[in-house]
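Student: Let me give you the structure first, and then I'll get to my questions.
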Amino acid sequence: MSAHRSTKTYITFINITAAFYAAVMFVLFPACSGKDKNLAEAITERDSLPSMRSLGVTTLISDSGITRYKIITEEWTVFDKKNPPYWAFEKGVYLEKFDSLFRIDASIKADTAYYYEKKKLWELRSNVSIRNLKGDKFDTELLFWDEKKEEIYSDKYIRIEQEDKTITGYGFESNQELTEYQIRNTTGIFTVEDNSVTTNTTPKDSISSDSTQVQPQRIQPIRKR
């Protein structure tokens, strides 16, 4: 009789313990899930924040011990946790690009710029203006400068002012010194001497890289003294 009562008490104790454990897990599990969610949100928020923010910057950028260009900007932010990581210049940027002898061979201005450090790729946006060593001026709304491939390109409308003429068109490719370049689809050539205008009447929306035969506009490389 005593043994039967002891067994019943033991079983009752196990049932109470199991019920208590289940109740505790029911309460704690949502709390743990909430903590994990908050932690994930905190990590995501941290990754979206810049690791560096500098104001009123004038600095020289070097690569492999060689000074490549000078940056002047109102605000410079670095997002090294993003994928891909990049530098942002969202309040305007001015660049001076140097040759191997530390001479300026191009100057660049843009309202907004992003630099993808791992790719060594510049993305320049809005009121992009470049001037090469000869004085030719290039204006567009979007331009890419690939340092690895040593080329500059765009698929947007571009206007090039040379000493004797102005050329307009869509699609642009150049070496990074801007001494040899071409417009894929020329839409106008405005000659300075006689004010004459030669235009391509193909509508903008119908222009494509293979729909119009284009004679590249090239400049011979400038001989360095």
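Student: Return a yes/no flag: does region 62-85 have any residue that is under 30 Å from residue 106 (Cα atoms), among the β-branched types (Val, Ile, Thr), at pLDDT 90 or above and exposed (fewer than 11 other Cβ atoms within 10 Å of the Cβ).
Tutor: No - not one qualifying residue is present in region 62-85.
Student: Related question: Taking region 112-138, which residues are closer than 17 Å to residue 72 by Cα, in contact with a Phe, Trp or Tyr (Cβ under 9 Å, 6 or more places away or on another chain) and not aromatic (Phe, Trp, Tyr)?
Tutor: Passing the criteria: 112, 113, 123, 124, 125, 128, 129, 130, 131.
Student: Please enumerate the residues belonging to region 70-102 that are among the basic types (Lys, Arg) and either without any contact (Cβ under 8 Å) to a residue 12 or more places away in the chain or closer than 14 Å to residue 147 by Cα (or both).
Tutor: Residue satisfying the conditions is 97 alone.
Student: Here's another thing I want to ask about it. Looking only at region 153-167, decide whether some residue is of a type in the set (S, T, N, Q), surrounded by 17 or more Cβ atoms within 10 Å (Cβ to Cβ) and outside any loop (DSSP other than H, G, I, E, B).
Tutor: The answer is yes; a qualifying residue exists.
Student: Name every residue in region 137-152 that is in a strand (DSSP E or B) and acidic (Asp, Glu), in order of residue number.
Tutor: If we filter region 137-152 for residues that are in a strand (DSSP E or B), which is where we start, we get 137-146, 151-152.
Residues satisfying the conditions are 139, 141, 146, 151.
Student: Please find, within region 97-115, the residue that is nearest to residue 158 (Cα to Cα) out of those that are surrounded by 15 or more Cβ atoms within 10 Å (Cβ to Cβ) and not hydrophobic (A, V, I, L, M, F, W, C).
Tutor: Here the answer is 109.
Yes/no matrix, rows are residues, columns are (1) small (Gly, Ala, Ser); (2) at pLDDT 95 or above; (3) under 19 Å from residue 119 (Cα atoms):
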residue	(1), (2), (3)
141	no, yes, no
147	no, no, yes
154	yes, yes, yes
157	no, yes, no
162	no, no, no
169	yes, yes, no
173	no, yes, yes
180	no, no, no
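The values are calculated or read from the model by the stated rules, or taken from the named source; none is laboratory data. This one's a predicted model, so the numbers in the text were calculated from it and none came from an experiment. Neighbour counts run over all protein chains shown; Cβ positions are idealised from the backbone, glycine included.
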